[in-house]
1. Any idea how many residues of region 211-245 are out of contact with any Ser or Thr (no Cβ under 7 Å at 6 or more places or on another chain) and open to solvent by less than 30 Å² (accessible area, probe 1.4 Å)?
2. Only residues in region 142-155 that are over 14 Å from Ala124 (Cα atoms) count as the first member; pair them with residues that are of a type outside the set (A, V, I, L, M) and open to solvent by less than 10 Å² (accessible area, probe 1.4 Å), Cβ under 6 angstrom, at least 6 apart or cross-chain, and list the lot.
3. Identify all residues within region 195-210 that are open to solvent by 70 Å² or more (accessible area, probe 1.4 Å), touching a helix residue (DSSP H, G or I) at 6+ places or on another chain (Cβ under 7 Å) and among the aliphatic types (A, V, I, L, M); write none if there are none.
4. Is region 240-254 home to any residue that is among the polar types (S, T, N, Q) and in a loop (DSSP other than H, G, I, E, B)?
5. So Ala164 fits all but one of (1) surrounded by fewer than 15 Cβ atoms within 10 Å (Cβ to Cβ); (2) within 20 Å of Thr18 (Cβ to Cβ); what number is the exception?
Amino acid sequence: MKSGFVAVVGRPNVGKSTLVNALVGEKVAITSPRPQTTRRTIRGIVDAEDHQIVFVDTPGLHRPRTALGARLNAVVDAALQESDATLFVIDATGKIGPGDRLIADRLLSSPTPVVCAVNKTDAATPDDITEHLAVAGEWDFAAYVPLSALEGENLAPIVDELVALLPEGPRFFPPEMPTDQTESFLIGEIIREKFLARLREEMPHSLAVVVDEIEVREDGLTRIEARLIVEREGQKGIVIGKGGSLIKDAGSEARVELEARLGTPVHLELRAKVEKDWQSHPAMIERLGM
């Protein structure tokens with residue numbers, strides 16, 4: 001059988017996580033319009049009788065401003081070095097810019113074969129799609145596929161093109177396993193996703209979520225305790241919201257999704273805590289699981 005690891009790379013916000021979720025067939029990575037939503041490699045597994053593809057969703061490559069930003073770029077570099085093929089995602093709704101070209105140059109200097117996905121075709125005009133395919137075609141990658149991850153359109157050709165590039169190999173994960181992420185990590189990411197949708201400016205970058213306890217009680221209730229980590233005291237008030245409104249609304253939305261995912265009633269306890277300038281301290285970044 002064919003098997004291997006495929007690094008999914010691109011600028012922030014081009015739809016990498018949405019694409020990985022669509023290919024896997026379930027949510028293994030959170031999504032958000034905020035840049036740098038993904039903070040570590042997320043593996044999503046596509047298994048079939050004759051192949052297994054392990055998609056490695058990576059943070060968006062960007063010019064780092066903090067220790068966390070530098071760490072995220074290092075995560076992408078490591079994923080590229082360890083992959084058997086690369087899926088390079090570009091956005092059909094925006095111009096191909098210097099960031100795309102920088103990534104393309106990096107991929108062209110690597111021996112790893114590349115498939116280029118022109119994403120968000122559902123929101124682009126036919127002329128936009130044609131232009132992107134023409135410009136990207138100058139990079140001479142192995143294949144080019146226009147698709148819509150959001151609508152689930154034209155995903156099969158991506159799998160076909162990648163399978164053709166992968167070596168013969170074993171199954172790395174059991175067939176029924178969609179991701180290698182722990183339950184605790186996935187729960188924390190779902191909670192963080194609900195806050196990202198409600199926060200503005202730099203706040204999304206300053207928020208981390210740590211799940212401290214998951215208890216399944218005898219009555220079937222799952223009790224979850226989690227900390228919302230921010231960098232400054234003023235941000236703590238923003239995360240909580242006036243009269244506790246934001247933490248209540250985001251927590252309620254997270255609880256509904258967690259109940260559907262876990263198949264049990266959920267009692268979610270959230271508390272905000274300040275870890276001053278955590279993005280600038282490598283030891284703290286490590287402690288927070290990034």
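1. Number of matching residues: 7.
2. Tyr144/Cys116
3. Initial filter on region 195-210 (open to solvent by 70 Å² or more (accessible area, probe 1.4 Å)): 197-198, 200-202.
The next check asks that each one be touching a helix residue (DSSP H, G or I) at 6+ places or on another chain (Cβ under 7 Å); those that pass are 198.
Selection gives nothing.
4. Looking for residues that are among the polar types (S, T, N, Q) and in a loop (DSSP other than H, G, I, E, B), one finds none in region 240-254, hence no.
5. The one condition Ala164 does not meet is (2).
The values are calculated or read from the model by the stated rules, or taken from the named source; none is laboratory data. Keep in mind it's a predicted model, so treat the numbers as computed, not measured. Quick reminder, even Gly has a Cβ in these numbers, built from the backbone with ideal geometry, and neighbours come from all protein chains shown. These area figures cover heavy atoms from the full protein model, side chains too; ligands, DNA and RNA do not enter into them. Shrake-Rupley method; radii C 1.70, N 1.55, O 1.52, S 1.80 Å.
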